[in-house]
Structures are given as C-alpha cells and as structure tokens.
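Have a look at this one before I ask anything.
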Amino acid sequence: MAELESKIGAVLRNKPAEVWSISPAMSVYEAIEMMAEKQVGALPVVEQGQLVGIISERDYARKVILKGRSSKDTQVAEIMTRDLVTISPQHTVGECMRIVTDKRFRHLPVMEGGRLVGIISIGDLVNWVISEQQQTIRHLEAYIRGVAS
C-alpha cells in the first residue's frame with residue numbers, strides 16, 4: 001500500500017504550519033482552554049525551546065478529573081507525559097500507525113534537528129490513508145474509462 005510508505009513530512013505539509021505548545025508551569029486549566037480554542041486534543045509542552053512532554057485530554061481526564069484535582073491549581077508539569085516517543089519527517093505513515101497502535105498513543109511529536117516541527121495525530125494518519133486511497137481509486141477509474149472508450 002503506497003499510502004503507508006508516504007513520509008510524515010508530506011502529511012505535515014497538508015497541515016497548518018503553526019505548532020501550538022504550552023509551558024510546564026501553566027495550569028492544566030489553561031492547557032485545556034488552549035486545546036479547546038485551537039481544536040486540538042494534545043499540546044506539546046516546551047520549556048526554554050526544548051520539548052519536555054505532552055499534555056492531552058486523556059491526561060486531563062485520568063490525572064485530574066478522576067483524581068478529584070483542580071485544573072486551576074494543578075500545573076501542566078504535574079500531569080504531562082514525560083516519556084515521549086518522537087518521530088521525524090522521514091518516518092513513514094505505516095511506521096507511525098504501528099507506533100500509535102502498539103503504544104496506544106494518539107499524538108506523536110515530530111522532531112527535526114533537535115526542534116519540534118509538528119505533531120501528528122492518529123486522525124491525521126487515518127485521513128492521509130483515506131485521501132491517498134480515494135486518489136488511487138480516481139486514477140484507476142480514469143484509466144478504466146480511458147481504456148474502455
């Protein structure tokens with residue numbers, strides 16, 4: 001399947017270039033507020049230009065709500081995921097799908113030259129595969145119509 005061999009760099013080019021992030025010192029409330037405003041499910045946590053973690057809606061649900069903590073009194077650093085798996089623009093869609101499936105992640109930070117250049121969600125991967133398959137179908141249909149004429 002050719003769509004699984006596509007590079008993550010190509011997927012990133014189809015997304016807005018801006019990567020929103022949050023500081024570990026910010027409150028969880030501010031992180032959730034930003035996620036809602038930007039319509040994203042996770043935010044990279046960046047301190048002094050370095051990726052130090054990621055905070056997701058799942059972290060919020062499991063580490064704040066279920067534990068009865070206050071999102072306004074809890075810092076991002078207290079609940080963020082620190083043990084990150086990152087990818088590069090050279091990873092393939094197939095490799096990333098295996099990572100998110102095996103590790104049960106929904107978001108993968110994309111790093112290049114030591115800096116954060118994007119974030120790929122499981123939705124981005126699925127949308128890419130569907131889009132590429134639809135394009136292949138259109139090409140095949142056009143080929144068949146051309147041959148049948």
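What follows draws every value from the coordinates through simple rules; no lab data is involved. As the structure is a prediction and not an experimental result, all values here were calculated from the model. Cβ atoms come from the backbone with ideal geometry, glycine included; neighbour counts cover every protein chain shown.
Give me the extension gain from R13 to Y143: residue separation times 0.36 nm, minus the current Cα-Cα distance, reported in nm with one decimal.
Details: separation 130, 0.36 × 130 = 46.80 nm, distance 2.80 nm.
Extra length from R13 to Y143 when fully extended: 44.0 nm.
Separate question: Expressed in whole Å with the largest first, what are the equivalent ellipsoid semi-axes of segment 33-149 derived from the C-alpha gyration tensor as the square root of 5 times each eigenvalue?
37, 17, 12
By count of other Cβ within 10 Å, fewest leading, how are L12, L140, L4, L43 ordered? Display every interim value, and only then the final one.
Details: L12 19, L140 10, L4 16, L43 26.
Fewest-to-most ranking of L12, L140, L4, L43: L140, L4, L12, L43.
For the chain, find the longest principal axis of its Cα atoms and tell me its angle to the long axis of helix 28-38, 0 to 90°, nearest 10.
For helix 28-38, the angle is close to 30 degrees.
Among M80, L116, P24, which residue has its Cα furthest toward the positive end of the charge dipole of the chain, with +1 on Lys/Arg Cβ and -1 on Asp/Glu Cβ?
M80
Quick check: Cα centre of segment 9-39 to Cα centre of segment 80-106, how many Å?
17 Å
Counting Lys and Arg as +1 and Asp and Glu as -1, each charge on the Cβ, what is the dipole of segment 2-148 about the Cα centre in debye, to the nearest 20?
260 debye
For R106, which sequence-distant residues (separation of 5 or more, or a different chain) have an amide H within less than 5 Å of its own amide H, given hydrogens modelled in the peptide plane?
none
Also, quick follow-up: Along the positive direction of the dipole of the chain (beta-carbon charges: Lys, Arg +1; Asp, Glu -1; about the Cα centre), which of V46, Q133, A61 reaches farthest?
The residue sitting farthest along the positive end of the dipole is A61.
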